[in-house]
Amino acid sequence: MSLKNAINDLKEVAKKHELYENVLKTDGNIVIFRGNLESPDYLFIGEAPGNDENKQGIPFIGRSGKLLDGWTESRGIDNFAIINTVPIIPFDSEGKIRKPTKEEIKYFKPYVDSFIKEINPKNIVCLGKSALEYMDIKLENTFWKGNIGFIYHPAFYLRRGQKGTEDFAKLIRNKVDQKGLGDF
């Protein structure tokens, strides 16, 4: 499979999911990626698009994205890509944005997996619990397990009036200290 095919397959399967109604209702977009897709040093995986992302069709461009950009800039990381476990904005019954369900994550997983395989990142960083559920990893604070790391979602830090820069620096330092673990 090629990267172009993986992207097209993800878009096509998204159009068949019931969440696609949210795209139609909001005149929004299926949100696939931003960044370098040619073997990035880091692939950041979030949960699902928010309002800004839905409107522009690009992940992590709102407040959480700005915080993530600050994290990467602070560590000199410029070769990265960003995706979500679910490429469509999820709403609850009251029309408020919610986290994707386990079933939604499971539905998109084979297509996101194919996409990740084509990207072939050196390292993956899960941003929040939904990304951990996607990778089927138990929650810890910040850690590396092989070439997969975890940090709380940038929105977690924003809600608490924090920047999370120290946690991100610790995560990246820990990765540097664990060299030789092999490629993803």
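A few comments on the model shown:
- 25 Å Cα-Cα threshold exceeded, pairs from K109/K163; K16/K66; K11/K99; K66/K175: K109/K163; K16/K66
- Low-density loop positions, GluC sites (Glu not before Pro), region 61-122 - DSSP coil, at most 13 other Cβ in 10 Å: E94
- Each Lys and Arg Cβ is given +1 and each Asp and Glu Cβ -1; about its Cα centre, region 3-177 then shows a dipole of about 300 debye.
- Coupling constants for region 42-55 follow from the phi torsions by the Karplus curve (6.51 cos²θ - 1.76 cosθ + 1.60, θ = phi - 60°), and in residue order they are 9, 10, 9, 10, x, 9, 6, x, x, 4, 4, 5, 4, 5 Hz; glycine and proline get x.
- Volume of the Cα convex hull of region 1-94, divided per residue and given in Å³: 94
- Taking Y157, Y134 and counting other C-beta atoms within 10 Å, the order from fewest to most: Y157, Y134
- Calculated Rg and Dmax of region 3-177 using C-alpha coordinates, Å: 15.2, 47
- For the listed residue pairs K55/K129; K4/K55; K96/K117, the alpha carbons are over 27 angstrom apart in K96/K117.
Every number in this text was worked out from the coordinates using simple rules, so none of it is lab data. What you see is a predicted model; the values in this text were computed from it and never measured. Here the Cβ is made from the backbone with ideal geometry for all residues, glycine too, and neighbour counts use every protein chain on show.
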